[in-house]
Amino acid sequence: MDEVDVMTRAGESVGKAVGTGLKAARQGVVRAGHAAEVKLAERGITTDQVRGALVERADTLMGKAEDWEKQTRRSRKRLAKKSAKTRADLMSKAEEVRKEVRKAAKHARKDAKSRAKEIRKAAASMGAGAPKRRRWPWVMGLLLAAAVAGYIALTRRPEEIHLQDDEEQAPLPEPVLNGQVPTPKEPVK
C-alpha cells in the first residue's frame, strides 16, 4: 500500500465521521424542536406565537440599535462642531493675546528709551559742574617729545671721513709716450 491509497482511505473515513456527526446533530435539533413544541403546547402557546414574539423582539432590538447609531452619529457631529468652534475661539483669543503682548512690548521699549534718555541727561548734568580737563599740557608734552626726537636724529648722523686731506695730494703720474701709464711701484722717469 502506498501513501496515496492510505491518504485516500483516511479522507474517506474522516468524511464519513463528519457526515455521521452532522446527521446526528440535525436529528438532535429536530428532537429538541419537537420537545419544545410539546412543552409550549402544555403552556398553551403555539409556535406561531413564539415566532411572532421573536420577530417583535428582533424588530425592537433593531430599532433600538438604529436609534443608538443615529444618536451617536448626532453626538459625534455635535462634538465635531463644538470642537471646531472651540478651536476657532481659542485661535482668535490667542491672536488677541499676541497683539496685546506686541503692543505692551512696543510700549515697554518706548518707556525704556525715554528713561534711558532721562538718565543720560541726568548724568550729563551731574558731570557739567566738574571742572573740565585742560588739554594744552598734553599738546606741549607731545611737541617737546617731537623736538627731542628730532635733535637726537640730527646729532647721530654719521660723520664724513675723508680718505685724503686736501693739502697732501699725491702727485699724478705723468703719461708715457707709448700710451702706458706707469704703476706706482715703478719709479717715474
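The values are calculated or read from the model by the stated rules, or taken from the named source; none is laboratory data. Note that this is a predicted model, so its numbers are computed, not measured. To get the accessible areas, we keep the full protein, side chains included, count just its heavy atoms, and leave off ligands, DNA and RNA. Shrake-Rupley method; radii C 1.70, N 1.55, O 1.52, S 1.80 Å.
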Problem - Criterion: at pLDDT below 90 and more than 30 Å from H34 (Cα to Cα) - qualifying residue of S125, S83 - result: S125
Fill in the blank from the handout: Across the range 36-58, the tally of residues that are open to solvent by less than 100 Å² (accessible area, probe 1.4 Å) and at negative phi stands at 13
